[in-house]
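Below is one structure; the comments refer to it alone.
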Amino acid sequence: VAARGCGGVWRRAWRRGAGGPVPAPRGQRAVTCNAKGGAVPAGKSGLAPWVPVVGLEIHAQISSNSKLFSGSQVQFAAPPNALVSFFDASLPGTLPVLNRRCVEAAVMTGLALNCSINKKSLFDRKHYFYADLPAGYQITQQRVPIAVNGSLSYSLCIDNKMSQIVTKTVRIKQIQLEQDSGKSLHDDTRSQTLIDLNRAGVGLMEVVMEPDMCCGEEAAAAVRELQLILQTLGSSQAVMAEGQLRVDANISVHRPGEPYGVRTEVKNINSLRFLAKAVDYEIQRQIEELENGGTILNETRAFDSKLGCTVPMRDKEGKQDYRFMPEPNLPPLILYDAKSLPANMNHQQVVNIDWIHERLPDLPSVKRAKLVEQYGILPEHSFTLLNEDGLAEFFENVVKQTQMKPKKVIGWILNDLLSYLKQHSLTVKESPVSSFVLADLLNLLEKKDISSAAAKQVLAELWKGEGKTPLEIVKEKKLELIQDQKELEQICQAVIDGRENEVMMMVLR
């Protein structure tokens, strides 16, 4: 049965056994994955280990001022039904007009994920009833999507050790453009459901990953890397808390060498932590069910974050006929490259794949490599810098303004500044200590005007945000290191003179 929004991709992938060779057993914990492979140890039966299979469908909201097929504004947390055009409400006679920005964002994302961009892609209607989908169908790309056959490399730690990082790759089946639906707001007190159509028609990119992963840790790491790529490109803000990135996880288990098992789909996961928990729980649930002689149903489930488990939503035993048909109101989407672009074509009316490719920014993997090479920091430190929004830029600004070596600066950034930020639940951009101020403090330390302990004391004062400079705080708290040898001798002599009895006792001993 085709999952919503993927046009049957997962059904076909599971049937033909896509996903590469069967991984080797690894470790003794129920659902833990690392570089050693992807099998789960045998359960009560004592038979061969289980092999989990995980694939993902990720819906990313495109960062655009207007919706995919209408001019309605896109804005988070706007008043309900304030951003709805006649087309979004499916009034008779209204027609879709494709948003160029959404097409460019999808092409950019496809190129960044090593996909082949189809110069001709098609739009389709996918029919199903949704109370918050006024037309009764979703415009998507079922037959020929905009991008296909890509790959995403991601990294994860071995046994939770940041010093041991392994890189893995998941294949990208396709990327397709489609509309989002509205939002149903359930009021249990009044026993009614309210509909907000602000989100209806917002442009989505659906990224369909092949079932190449084996646990929640891998799934979360792959989605985090994709999230960083989307944010770097600017093709999506990808804020999961605002619903801009939602994940459907497809999970099954089987014995080594046997066909893939029956899969379940866990829908609409909006947190990386919840994604890892949902996948691992579902793997363990399926293993226990099979070990106890039960069967796995081909069903859709939801993750209950409060209970920490997945719960049934609906089964997929009865075939769902979405009645896909070509979208009659949209012609094929034609893209060009430098070779195929006609000489007399208006450049403002076409999308040039090569033009977009030339303007791709450095992706996170490239940024991490440059940070390691340029500043001599450890690879694991480069991951932390990029995982926190704006932290890499903050680090580089400090390095440019201080005499301290980057290897020492990174310690202050990750151990001290980041600790303060997490303690106060602040982002890097909200930090009361700017990169310029921190650089001033580190310069005082590097010139040996203050000790390391004094520098930490000054940082604590700076965090109060009173507008004082590091030097002002040093002088106010009298934290300067004394450099004059004679002055130090005078202080020592004064201490001795004031403690004659203690000195005599020490001498006698």
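Values computed for the structure shown
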item: Directionally averaged projected area (convex hull, Cα atoms, segment 50-138), nm²; result: 9.1
item: Accessible surface, 1.4 Å probe, highest first, among residues 405, 478; result: 478, 405
item: The chain - Rg over Rh from alpha carbon coordinates, Kirkwood radius; result: 1.09
item: Extension gain (nm, one decimal) between residue 288 and residue 358, 0.36 nm per residue minus Cα-Cα; result: 20.1 nm
item: Flagged links, alpha-carbon separation over 21 Å, of 367/400; 277/306; 407/456; 168/267; 173/277; result: 168/267; 173/277
item: Long-range amide H partners of residue 237 with built H, under 5 Å; result: 63
item: Listed residues 404, 325 arranged by accessible area, highest first, probe 1.4 Å; result: 325, 404
item: Where the chain is the region considered: accessible area per residue in Å², 1.4 Å probe; result: 50
item: Sequence-distant aspartates and glutamates (8 or more away, or on other chains) whose Cα lies within less than 19 Å of residue 464; result: 416, 430, 440, 472, 476
item: Calculated SAXS-style log₁₀ I(q)/I(0) at q = 0.18, 0.24, 0.31 Å⁻¹ - segment 274-319, Debye, Cα scatterers; result: -0.57, -0.91, -1.13
item: HN-Hα J in Hz across segment 371-379 - Karplus 6.51, -1.76, 1.60, θ = phi - 60°, x for Gly and Pro; result: 4, 5, 5, 6, 10, x, 7, 6, x
item: Förster radius 60 Å - calculated FRET efficiency between residue 503 and residue 430 (Cβ-Cβ, nearest 0.05); result: 0.65
item: Carbon plus sulfur fraction of accessible area for the chain, probe 1.4 Å, in percent; result: 52
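The values are calculated or read from the model by the stated rules, or taken from the named source; none is laboratory data. Quick caveat: nothing in here was measured; it's all calculated off a predicted structure. When we count neighbours, we look across all protein chains shown, and the Cβ atoms used for this are built from the backbone with ideal geometry, even at glycine. With ligands, DNA and RNA removed, areas are computed over all heavy atoms of the protein, side chains included. Shrake-Rupley method; radii C 1.70, N 1.55, O 1.52, S 1.80 Å.
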